[in-house]
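Asks: I have a structure I would like to understand better, so I am pasting it below and will then ask my questions one at a time.
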Amino acid sequence: MVLEIYLDLVSQPCRSVYIFAKKNNIQFEYKKLSLMSGEHYNEEFGKINPMRKVPAIRDGDFCLGESVAIMQYLAEVWHPGPLVSSRCAEESTCK
């Protein structure tokens, strides 16, 4: 299953996640949500992020919100080149 990233590029935190993923060649499916039209309040997105905030990701059955947590997850789990951490991916779920 492909990594899905839910974004509205009007949002600075969304742009940070988008740029991080692109610069590190992380393959993902871009799911655009319009904050201005309230798409983040629909029931479907509520299953991805109950707080209904973007950015958010879905990686298989795992969902995560908040830009810093997402970028840390991408760095540790998707191992983009020189950002590879010596810590386990499981460690990120313990914080």
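The values are calculated or read from the model by the stated rules, or taken from the named source; none is laboratory data. None of the values given here were measured: they were computed from a predicted structure. FYI the Cβ positions are ideal-geometry reconstructions off the backbone, even for glycines, and counts take in every protein chain you see.
Asks: So which pairs qualify, if the first residue must be in the stretch 2-29 and more than 19 Å from residue 60 (Cβ to Cβ) and part of a loop (DSSP other than H, G, I, E, B), the second must be among the hydroxyl-bearing types (Ser, Thr, Tyr) and at pLDDT 95 or above, the Cβ gap must be under 7 Å, and the two must be at least 6 apart or on different chains?
Replies: So the pair list comes out as 8/34; 9/18.
Asks: State which residue pairs qualify: first residue more than 18 Å from residue 19 (Cα to Cα) and inside the stretch 37-60, second residue outside any loop (DSSP other than H, G, I, E, B) and basic (Lys, Arg) in any location, beta carbons under 6 Å apart, and separation of 6 or more residues or different chains.
Replies: Pairs found: 48/58.
Asks: Now, a different point. Where residues in the stretch 36-65 are of a type in the set (A, V, I, L, M) and in contact with a Cys (Cβ under 9 Å, 6 or more places away or on another chain), which of them is nearest to residue 12 (Cα to Cα)?
Replies: Residues of the stretch 36-65 that are of a type in the set (A, V, I, L, M), as a first pass: 36, 48, 51, 54, 56-57, 64.
From what's left, in contact with a Cys (Cβ under 9 Å, 6 or more places away or on another chain): 48, 54, 56-57.
Working: 48: 20, 54: 10, 56: 13, 57: 16 Å.
By that ranking, first place goes to 54.
Asks: If you take the residues in the stretch 19-35 that are farther than 18 Å from residue 1 by Cα and modelled with pLDDT under 95, which one is surrounded by the fewest Cβ atoms within 10 Å (Cβ to Cβ)?
Replies: 23
Asks: Looking only at the stretch 10-49, how many residues end up being hydroxyl-bearing (Ser, Thr, Tyr) and closer than 23 Å to residue 78 by Cα? Spell out how you get there, then give the answer.
Replies: Looking only at the stretch 10-49, we keep the residues that are hydroxyl-bearing (Ser, Thr, Tyr), and these are 11, 16, 18, 30, 34, 37, 41.
Checking which are closer than 23 Å to residue 78 by Cα leaves us with 16, 18, 30.
Residues meeting the conditions: 3.
Asks: So, one more: For residue 7, are the conditions met, namely being closer than 19 Å to residue 78 by Cα and modelled with pLDDT of 95 or more? Walk me through it before giving the result.
Replies: Numbers: closer than 19 Å to residue 78 by Cα: yes; modelled with pLDDT of 95 or more: yes.
Yes, satisfied.
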